[in-house]
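**Q** Mind looking over this structure? Questions follow.
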Protein chains: 2
Amino acid sequence: KKACFFSTLFSPILPTICEHDIKKLIHSFKVGFALFLVSLLYILDPLFEQVGENAMWAIMTIEVIFDFFGGATLSKGLLRGIGTLLGGGLGCLASTLASDLGKIEYTIVVGTLIFVFGAMATYCRLIPSINKRYDYGVTIFILTFNLVAASSLHGDHQVMELAHHRLSAVAMGFSVCIFISLLVFPMWATDELHQLTSSKFKQLASCIEECMEAFLVVGEKESRPIIHVSSCNSVLHSNSSDESLVNFARWEPTHGRFWFCNPWEKHQQITELLMEFASNILSLQGCLKSALQPSSMLLEVIKEPCKNVGLLLGLTMRELGENIMNKKRSNLEVVIMPELQSIKLELILLSTSKLGAIENVED
Amino acid sequence: KKACFFSTLFSPILPTICEHDIKKLIHSFKVGFALFLVSLLYILDPLFEQVGENAMWAIMTIEVIFDFFGGATLSKGLLRGIGTLLGGGLGCLASTLASDLGKIEYTIVVGTLIFVFGAMATYCRLIPSINKRYDYGVTIFILTFNLVAASSLHGDHQVMELAHHRLSAVAMGFSVCIFISLLVFPMWATDELHQLTSSKFKQLASCIEECMEAFLVVGEKESRPIIHVSSCNSVLHSNSSDESLVNFARWEPTHGRFWFCNPWEKHQQITELLMEFASNILSLQGCLKSALQPSSMLLEVIKEPCKNVGLLLGLTMRELGENIMNKKRSNLEVVIMPELQSIKLELILLSTSKLGAIENVED
C-alpha cells in the first residue's frame, strides 16, 4: 500500500519505473536519511561536545547494519550486540585473570589467547550452519575480544571509559537504524518471500501451458511457438536467494498479514517441490526439441487428454499461487484433483493398449 | 601437495579428518596467526608508542579482509583500498569547496551531500551487477566519505594527521593479510573451481549409471536398487556458490597450474550444461518411479542399446572429468562419439518401427 502511494507520487516524473525499483529508491532514501541523522552528531556542535570522535562508531554501525529487509537489519544488529557483549566480556575476563602475572607472562598469555580464540572462531565461521546464520556475530565477537584483550594492557580505566562511550555511540546508531528501518516504510523479507512463492506458481503455470501448446503444434508440423523457459530456470536457480530470505524472515516479528507464525518452513518445502516441477518442465521442453516426435496418428489419440492435462495443470498452479497470495484455503482437492486423476488413468490405459498392440505385432 | 603434507602430519591425531577439513584448519591457524601478529602492535610497548590506538584499525582490517580464498582476500583488500581513497578524496574535496561558506551554510551543504551520496551509493549497492562484485568497495566508499566530510568540520589539521595514522595502520593490516594469505599455504578459488567442475562430472557419471541399472532391474521386476540423486541435486543447486568462486577466481593472479589465463568463463558454461544434464537425470529418475513401465517384451528389445548408452555416457563423463582435472585434451570425439551416434540412431529406428507397428494395428 505504501509502495503504491509512493509510486503514484513518483509516476509523473518516472513513468517507466517498476514497483521493485521504487522499493530500492525508498531504501536508498532511508539509508541516506539515517546517515544524515547520525552525521548530525558530528556536524552540530552541542552534540559533538557530548559524543566526540566516537560519533564515528554510530556512522559505522548504520553503514554496516542497515539492510534492505527489516529482518536482515534486526538480525545484524542483534548479532552485533551479542558478539560485542560476549567478546568484550571474555576479553575483560582474560585480562583480569592474567593481570596478576608479570609483564612478560602477561604478554605471552594474552598473545596465546588471541591466537587460540581467533583460530577457533574462524573455524566456527567455516561450519556451514554457523556461516549461514551467525557469521556476522562471530566476526564481531573475535574483533571485540581481540581489541579488548590487547588494549587492556595500556591503562584499564581509560579503556573502560572508551568502551562505554563507543557502546553508547553504537547504541545510538542502532536505534536510529531500527527506528528508520522498521517504522518508516518497512520492507519485510516475509512479504517478499510470500510474493515470490506465489509468483513462481504463476510463472510455472504459463510455462506448462506454453509447453503443451508447443507440443500439439509440433505434432501438427506447423511453425514452432517460442517457449519461455527462462522462468523455469529462474525457479531452479532461486535456491540461495530464497534461503537468505528465509533466514531474514526468521528474525522478523509477526506483523501485518501473518498473525501467528511465519510459515517459512512451509515456503522451503514448497520451493523444493516447485524446483522439481520446473526441472520436469525443462526436460519436457527437451523432448519437444528431440528428433523423435509422435506420428500424426498417435497424436490424434493423445491430443485431447494432453491438452486437458496442460490446461488443468496451468489452472491448478495459477489457483494455488493466488490462494497462497490471498492466504485462502483452496477447494482444488475436491474440484480438480479427481479430474486430473481420471485423465492420468486415461493416459495410462491408452499407453498400455499401445504397448499391448506392439506386443501383438511382435508375436 | 601442501595439504597432503599437513594431512600426513595430522593423520595420527585426527584419523577421520578429510582434506577439506584440513584446509579449514589451516585457514583458521592462518587467521589466528595474523591476528596475533597485528595484536603485537598493541602488546609490545615500543610498537604501541609508534602506532597508538590506531593499531585497532590493523586488527579490524585483518578481521574484515582475511577470507578463505586468496582471490577473496585480494579483492576485498583492493576494493577497500579503492573505496577508502575515492571516499576520502571526495570527502576532502567537498569540505574544501564548502569551507568558504558560513557556519550554517556549511552545515547545510555537508548534510545535504551526506544524504545525497549515501542514498546514491546505497542505490548502487542494490543493482545486481554491482552488488555481486563491488558491494564491499561501495560500502567502504560511503563510510569514508561520510566520516571525512563530517569530521572535517572540527579542525582540518588534526583530521589529516589522524587519517594518515589510520591509513598506515590499515596498510600494515593489509600487508600482513596478503603476506599470510597468499604466501603461507595459499588456498586458491581457481583450484577449488577446477576440482569442483571435475568432481561434478564424476558424480553425474555414477548417477547416470545407477539410473540405467535401476531401469533395467525395474523392468525385470526385481527389488529396486537405490539411486543416489543427492549428487544431481547438489549439481543443480551449486549455482550461487559457483558464482562466488568465479568472482574470486577473477581476482587471482595466474599461478601454478594456470599459466596463461583463468578459464572461469568456460567453467560457467560447463556448469550450465551440467545443470541441464542433472535435471534430465532427475526426470529420468522420475520416470523410474512412474506406474507406467515397459513390458518385458519391449524391454528385451531396448535392453541392449539402453545399457550401452548408460555405460558409454558414464564412461564419457568420467573421462571428461579426469581430462579437465589433468588439463588434457581428450580424444573422446574420435572414439566414443561415433558409437553414441550409432546407438542413438538404433534407438530412433527401434522406436519408429514400434510406432509404425502401432499405426498398423490402428488401421
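**Q** Run A:MET172 past the list (1) buried (at least 17 other Cβ atoms within 10 Å of the Cβ); (2) aliphatic (A, V, I, L, M); (3) within 25 Å of A:LEU74 (Cβ to Cβ); (4) touching a Lys or Arg at 6+ places or on another chain (Cβ under 9 Å) and report the number of the one that doesn't hold.
**A** (4)
**Q** Of the numbered conditions (1) farther than 15 Å from A:LEU35 by Cβ; (2) at pLDDT below 85; (3) within 11 Å of chain A (Cβ to nearest Cβ), B:SER151 fails exactly one; give the number of that condition.
**A** (1)
**Q** Let me ask you something else. Report the residue count in the range B:245-259 for those that are modelled with pLDDT of 75 or more and of a type in the set (Lys, Arg).
**A** 1
**Q** Please indicate, with yes or no, whether at least one residue in the range B:51-61 is in contact (Cβ under 8 Å) with a residue 60 or more places away in the chain, over 12 Å from B:VAL176 (Cβ atoms), of a type outside the set (D, E, K, R) and facing chain A (nearest Cβ under 7 Å).
**A** yes
**Q** Can you find even one residue in the range A:154-166 that is surrounded by 22 or more Cβ atoms within 10 Å (Cβ to Cβ) and small (Gly, Ala, Ser)?
**A** No: zero hits.
**Q** Also: Got a sec? Which of A:TYR123, A:TYR106 is under 23 Å from A:GLU161 (Cβ atoms) and within 11 Å of chain B (Cβ to nearest Cβ)? Spell out how you get there, then give the answer.
**A** Values: A:TYR123 fails: under 23 Å from A:GLU161 (Cβ atoms).
On inspection, the qualifying residue turns out to be A:TYR106.
**Q** Any idea which residue in the range B:127-148 is surrounded by the fewest Cβ atoms within 10 Å (Cβ to Cβ), counting only those that are within 8 Å of another protein chain (Cβ to nearest Cβ) and in contact with an Asp or Glu (Cβ under 9 Å, 6 or more places away or on another chain)?
**A** Quick first cut of the range B:127-148, residues within 8 Å of another protein chain (Cβ to nearest Cβ) only: B:139, B:142-143, B:146-147.
From what is left, the residues that are in contact with an Asp or Glu (Cβ under 9 Å, 6 or more places away or on another chain) are B:139, B:142-143, B:146.
On the way: B:THR139: 19, B:ILE142: 26, B:LEU143: 22, B:ASN146: 28.
Filtering first and then ranking leaves B:THR139.
**Q** Taking A:PHE115, is it within 11 Å of chain B (Cβ to nearest Cβ), touching a residue at least 40 places away in the same chain (Cβ under 8 Å) and hydrophobic (A, V, I, L, M, F, W, C)? Give the steps one after another, and end with the answer.
**A** Details: within 11 Å of chain B (Cβ to nearest Cβ): yes; touching a residue at least 40 places away in the same chain (Cβ under 8 Å): no; hydrophobic (A, V, I, L, M, F, W, C): yes.
The answer is no for A:PHE115.
**Q** Answer yes if at least one residue in the range B:132-143 is in contact with a Phe, Trp or Tyr (Cβ under 8 Å, 6 or more places away or on another chain) and more than 20 Å from B:VAL110 (Cβ to Cβ), and no otherwise. Steps first, answer last, please.
**A** Within the range B:132-143, the subset in contact with a Phe, Trp or Tyr (Cβ under 8 Å, 6 or more places away or on another chain) is B:142.
In the following step, the residues that additionally are more than 20 Å from B:VAL110 (Cβ to Cβ) were identified as none.
There is no residue in the range B:132-143 that is in contact with a Phe, Trp or Tyr (Cβ under 8 Å, 6 or more places away or on another chain) and more than 20 Å from B:VAL110 (Cβ to Cβ).
**Q** Among the listed residues A:ASN308, A:ASN262, identify the single one that is buried (at least 17 other Cβ atoms within 10 Å of the Cβ) and either at pLDDT below 75 or not in a helix (DSSP H, G or I) (or both).
**A** On the way: A:ASN308 fails: either at pLDDT below 75 or not in a helix (DSSP H, G or I) (or both).
Checking each option against the conditions leaves just A:ASN262.
**Q** Let me ask another. In the list A:LEU41, A:LEU79, which residue meets the criterion of being surrounded by 21 or more Cβ atoms within 10 Å (Cβ to Cβ), facing chain B (nearest Cβ under 10 Å), touching a residue at least 12 places away in the same chain (Cβ under 8 Å) and not charged (D, E, K, R)?
**A** Working: A:LEU79 fails: facing chain B (nearest Cβ under 10 Å).
Going through A:LEU41, A:LEU79 in turn, the sole match is A:LEU41.
**Q** Counting only residues that are of a type in the set (Gly, Ala, Ser) and under 35 Å from the mean Cα position of the chain (by Cα), which one in the range A:109-124 is surrounded by the fewest Cβ atoms within 10 Å (Cβ to Cβ)? So that I can check it myself, show each step before the final result.
**A** Initially, the range A:109-124 is screened for residues of a type in the set (Gly, Ala, Ser), giving A:111, A:118-119, A:121.
Within this subset, residues satisfying the condition of being under 35 Å from the mean Cα position of the chain (by Cα) are A:118-119, A:121.
Working: A:GLY118: 28, A:ALA119: 21, A:ALA121: 24.
Within the range A:109-124, the match that is surrounded by the fewest Cβ atoms within 10 Å (Cβ to Cβ) is A:ALA119.
**Q** Within the range B:44-66, work out how many residues are under 17 Å from B:HIS27 (Cβ atoms) and either touching a strand residue (DSSP E or B) at 6+ places or on another chain (Cβ under 7 Å) or surrounded by fewer than 21 Cβ atoms within 10 Å (Cβ to Cβ) (or both).
**A** Counting residues in the range B:44-66 that are under 17 Å from B:HIS27 (Cβ atoms) and either touching a strand residue (DSSP E or B) at 6+ places or on another chain (Cβ under 7 Å) or surrounded by fewer than 21 Cβ atoms within 10 Å (Cβ to Cβ) (or both) gives 1.
**Q** Exactly one of (1) surrounded by fewer than 17 Cβ atoms within 10 Å (Cβ to Cβ); (2) touching a residue at least 60 places away in the same chain (Cβ under 8 Å); (3) touching a Cys at 6+ places or on another chain (Cβ under 9 Å) is unmet by B:VAL184. Its number?
**A** For B:VAL184, the failing item is (3).
**Q** Now for a separate question. Quick check on this structure: which one of B:SER99, B:SER95 is buried (at least 21 other Cβ atoms within 10 Å of the Cβ) and more than 8 Å from chain A (Cβ to nearest Cβ)? Reasoning before the result, please.
**A** Numbers: B:SER99 fails: buried (at least 21 other Cβ atoms within 10 Å of the Cβ).
That would be B:SER95, the only listed residue that is buried (at least 21 other Cβ atoms within 10 Å of the Cβ) and more than 8 Å from chain A (Cβ to nearest Cβ).
**Q** When you scan the range B:317-350, how many residues do you find that are without any contact (Cβ under 8 Å) to a residue 40 or more places away in the chain, of a type in the set (Gly, Ala, Ser) and assigned to a helix (DSSP H, G or I)? Outline the logic, then answer.
**A** Step one: filter the range B:317-350 for residues without any contact (Cβ under 8 Å) to a residue 40 or more places away in the chain, giving B:319, B:323, B:326, B:328-345, B:348-349.
Cutting the leftovers down to of a type in the set (Gly, Ala, Ser) gives us B:330, B:342.
Checking the rest, the ones that are also assigned to a helix (DSSP H, G or I) come to B:342.
Counting residues in the range B:317-350 that are without any contact (Cβ under 8 Å) to a residue 40 or more places away in the chain, of a type in the set (Gly, Ala, Ser) and assigned to a helix (DSSP H, G or I) gives 1.
**Q** Taking only pairs six or more apart or across chains, which ones have beta-carbon atoms under 6 Å, a first residue in the range B:84-95 that is of a type in the set (S, T, N, Q), and a second residue that is in a helix (DSSP H, G or I)?
**A** The qualifying pairs are B:THR84/B:ILE140; B:THR84/B:THR144; B:SER95/B:ALA149.
**Q** If you scan the range B:26-49, which residues turn out to be touching a Leu at 6+ places or on another chain (Cβ under 8 Å) and not hydroxyl-bearing (Ser, Thr, Tyr)?
**A** First pass over the range B:26-49, keeping only residues touching a Leu at 6+ places or on another chain (Cβ under 8 Å): B:27-28, B:40-43, B:47-48.
Passing the criteria: B:HIS27, B:LEU40, B:LEU41, B:ILE43, B:LEU47, B:PHE48.
**Q** So, of the residues in the range A:184-199 that are β-branched (Val, Ile, Thr) and assigned to a helix (DSSP H, G or I), which turns out to be farthest from A:SER231 (Cα to Cα)?
**A** My answer is A:THR190.
**Q** Identify all residues within the range B:299-314 that are of a type outside the set (S, T, N, Q) and free of Cβ contacts under 8 Å to residues at least 40 places away in the same chain; write none if there are none. Walk me through how you get there before you give the answer.
**A** Filtering the range B:299-314 down to residues of a type outside the set (S, T, N, Q) leaves B:299-307, B:309-314.
The answer is B:GLU300, B:GLU304, B:LEU312.
The values are calculated or read from the model by the stated rules, or taken from the named source; none is laboratory data. It should be emphasised that the depicted structure is a prediction, and the values quoted were computed from it without experimental measurement. Glycine also receives a Cβ, built like all others from the backbone with ideal geometry; neighbour counts cover every protein chain displayed.
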